[in-house]
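A.B. asks: Structure provided below as structure tokens; questions to follow.
Only the coordinates and a few stated rules stand behind these numbers; no lab work does. All of these numbers come straight from a predicted model, not from anything done at the bench. Don't worry about glycine lacking a Cβ; one is built from the backbone with ideal geometry, like all the others, and counts go over all protein chains shown.
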Amino acid sequence: MTIRQLTDTIINQIAAGEVIERPASVAKELVENALDAGATRVEVATAGGGLSLLRVTDNGGGIPADELPLAVSRHCTSKLSDDIHDIRSLGFRGEALPSIGSVARLAVRSRPDGADSAVEIGVEGGRVSPVRPVAANRGTTVEVRDLFFATPARLKFMKSERAETSAITEVVKRMALAFPAVRFALSGTDRSTLELPAVPADGEGLLRRIAQVMGSEFAANTLAIDAEREGVSLTGHVSIPSFSRGNAMQQYFYVNGRPVRDKLLAGAVRGAYMDVLPRDRHAVVALFIALDPALVDVNVHPAKADVRFRDPGLVRGLIVGAIRHALEMSGMRASTSGADAMLAAFRRPESAGPGRPAGHGFAHGGQRYTPPPRPAHDWSRDTSPLRPLDMAGAGGAGADVLAAAPAAAGGFSAPAQSTFDVGASPSADARAGVADAPAGLMRNPLGAARAQVHENYIVAQTEDSLVIVDQHAAHERLVYEALKGALHARPLPAQMLLLPEIVDLPEEDADRVAGHAEFLARFGLGLERFGPGAIAVRETPSMLGKVDVQQLVRDLADEIAENDTADTLKERIDHIAATMACHGSVRSGRRLRPEEMNALLRQMEATPGSGTCNHGRPTYIELKLTDIEKLFGRR
């Protein structure tokens with residue numbers, strides 16, 4: 001087969017196949033160019049999911065007329081110095097514009113600082129047109145039309161317009177998080193306008209940009225991260241454990257301002273939340289890593305989405321340690337989403353019932369009261385959400401109080417027992433104390449216990465809120481933390497194997513496992529090298545009982561190879577501790593005395609991570625007094 005030189009068009013199309021995967025890839029490259037040019041305003045317009053039109057306009061430095069032909073030529077860039085390891089810009093290869101021009105109709109208009117007019121150059125399917133003068137404002141506008149018209153086979157792999165538009169939106173949001181001082185605007189015929197105003201480039205400004213991109217709900221449930229170790233800086237925000245998502249799409253990572261998707265970083269976040277989130281739930285994070293460009297390789301992927309750290313263990317340890325420290329120092333934090341859901345459950349639909357005109361009601365205290373709508377069917381005690389509480393669970397104390405109430409006090413007399421059917425199954429077992437709660441207890445974060453309902457939920461009162469605690473979930477977390485502290489405070493007991501078990505591994509895996517032998521011995525796993533490509537296991541943790549030694553060692557080898565950690569064994573031991581905590585904690589259905597309830601609340605306040613149980617469920621919900629007053633129309 002004869003060796004021949006490829007044409008420039010084929011070379012550019014091959015590069016486009018690596019760099020330009022979909023319209024979102026074009027948006028990423030063009031927005032990066034605008035930011036590298038020093039733009040403070042970036043506007044993106046799309047049509048047809050970016051396939052028909054994708055236009056990026058900025059107010060950056062612009063491109064001089066004599067350099068415009070170089071801008072659409074391969075491997076021409078102003079962003080790379082003589083040292084390829086010192087990369088301080090988002091782009092540096094000089095492949096984006098020529099690659100886009102080889103598969104689409106590309107037009108670049110630019111007016112640099114101090115120029116009297118603008119110039120434009122076009123590229124259509126790899127053919128470059130001459131530079132010509134045009135009218136344009138300061139900055140650069142790049143217009144891409146009919147993407148992949150020169151390679152129609154690629155169009156078969158595109159998704160729907162909505163999906164492609166959503167991907168472009170995600171790209172713009174990710175870039176906006178890294179550059180809060182830049183105004184971003186996204187518009188087009190196939191989407192509603194997205195405006196992200198510029199904010200100050202400080203901690204408060206970043207939080208405002210996070211609220212713009214990820215929603216105010218996340219901003220209200222975050223913990224600030226600020227840590228540094230050996231020249232690597234980590235800043236950003238992470239969610240509290242009770243605020244999580246079903247996938248990892250809401251995890252944003254940046255390395256020296258570059259948005260990346262890296263398994264090492266995602267794995268570090270998962271490890272940091274290991275004790276407070278189940279495996280099927282994911283934290284919401286926006287983390288920014290800053291380090292010397294020489295310590296990270298950003299040139300390992302054509303789209304620059306992946307990076308490689310010189311010391312991955314340092315970066316992973318910094319992330320895990322910083323997040324865990326933030327979780328421990330956060331104290332008692334309940335997710336606002338729990339309170340919002342609770343408020344939504346209490347609100348009634350704002351509609352008039354059958355036979356009742358809208359607005360029917362009366363005014364009181366300057367506010368209008370509208371009674372609940374009349375039900376369309378006969379009232380039933382068993383199904384009505386407005387049924388009265390049955391006080392039989394409190395030994396009939398509630399019924400006695402009602403019976404003793406004088407009719408003169410408001411003209412109310414207790415109904416006969418047959419009316420309320422007190423002997424039926426109780427709807428609650430509230431046992432509220434009549435004595436006032438001590439003021440000192442109500443100043444605590446979780447306040448003073450006032451009642452226990454349904455034999456599982458503790459109702460507590462603070463100075464400005466109502467707190468509902470799941471007693472089983474809360475005590476489960478307390479027992480789990482106590483067990484972990486006891487287990488990890490000293491080396492775990494090990495059981496000697498009658499005959500050492502030999503595990504055959506690739507030589508490099510055997511070296512990795514043997515290098516972590518001292519760490520593994522703390523958890524009761526005693527092992528050593530046994531010739532080439534083999535590990536001899538002499539002891540296993542007593543807590544694990546009968547264990548598949550072969551599979552355990554291979555799992556450890558895989559994890560060490562991927563993350564340079566041996567946490568698999570620790571996770572198994574912690575899982576057993578979590579199971580013991582679940583079965584040994586206060587069960588649902590157990591009635592607690594007031595002093596027991598208050599003791600549980602005080603222990604929660606003193607235990608890190610007590611806002612969620614071992615399975616990631618919230619242990620308590622807090623409802624502010626102002627929200628309760630809104631429910632009753634007092635605010």
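A.B. asks: Normalised by the number of residues in the stretch 17-96, what is the relative contact order in percent for Cα pairs under 8 Å and 6+ residues apart?
C.D. replies: Dividing the mean separation by the residue count of the stretch 17-96 yields 28 percent.
A.B. asks: Now for a different question. If the viscosity is 1.567 mPa s and the temperature 4 °C, what translational diffusion coefficient in µm²/s does Stokes-Einstein give for the stretch 435-635 when Rh comes from Kirkwood over Cα pairs?
C.D. replies: D, rounded to a whole number, is 65 µm²/s.
A.B. asks: Still on this structure, please answer the following. Given all pairs of different Cα atoms, what value in angstroms does the Kirkwood hydrodynamic radius of the stretch 49-196 take?
C.D. replies: Value: 16.7 Å, from the Cα pair sum.
A.B. asks: Using Stokes-Einstein with the Kirkwood hydrodynamic radius over Cα pairs, what translational diffusion coefficient do you get for the stretch 187-323 at 20 °C and a viscosity of 1.002 mPa s, in µm²/s rounded to a whole number?
C.D. replies: Here the translational diffusion coefficient equals 135 µm²/s.
A.B. asks: Now, a different point. Working from the pairwise distances between different alpha carbons, so that the mean of 1/r is found and then inverted, what is the stretch 526-635's Kirkwood radius in Å?
C.D. replies: Computed over Cα pairs of the stretch 526-635, the Kirkwood hydrodynamic radius comes out at 18.7 Å.
A.B. asks: Right, next: Which Rg and Dmax, in Å, describe the Cα atoms of the stretch 1-54?
C.D. replies: Cα only, the stretch 1-54: 15.4, 53 Å (Rg, Dmax).
A.B. asks: What are the residues whose amide H is under 5 Å from the amide H of Leu223, where those residues sit 5 or more places off or on another chain and H is modelled from the backbone?
C.D. replies: Under 5 Å from the amide H of Leu223 lie the amide H atoms of Val238, Ser239, Ile240, each far enough along the sequence or on another chain.
A.B. asks: Which of the peptides 209-216, 244-251 is most tightly packed, and how do the rest follow, judged by the mean count of other Cβ atoms within 10 Å per residue?
C.D. replies: Highest mean packing first, the order is 209-216, 244-251.
A.B. asks: Let me ask something else about it. Given contacts defined as C-alpha pairs under 8 Å and at least six residues apart, what's the relative contact order of the stretch 476-574, whole-number percent?
C.D. replies: 29
A.B. asks: With the contact rule set at Cα under 8 Å and sequence spacing of 6 or more, what percent relative contact order holds for the stretch 8-195?
C.D. replies: Reported as a whole number, the value is 28 percent.
A.B. asks: A follow-up question, please. Which shape class, rounded, prolate or oblate, goes with the stretch 475-561 when its Cα gyration tensor gives a ≥ b ≥ c as root eigenvalues, a/c under 1.5 marks rounded, and past that a/b bigger than b/c marks prolate?
C.D. replies: Verdict is prolate for the stretch 475-561.
A.B. asks: A further question follows. Say the cut-off is 29 Å between C-alpha atoms; which of Lys570/Lys624; Lys484/Lys546; Lys159/Lys263; Lys263/Lys484; Lys28/Lys156; Lys173/Lys630 go over it?
C.D. replies: Correct reply: Lys570/Lys624; Lys173/Lys630.
A.B. asks: Still on this structure, please answer the following. On a full-extension model of 0.36 nm per residue, what is the gain between Ala486 and Asp116, subtracting their alpha-carbon distance, rounded to one decimal in nm?
C.D. replies: Length difference between fully extended and current span is 125.7 nm.
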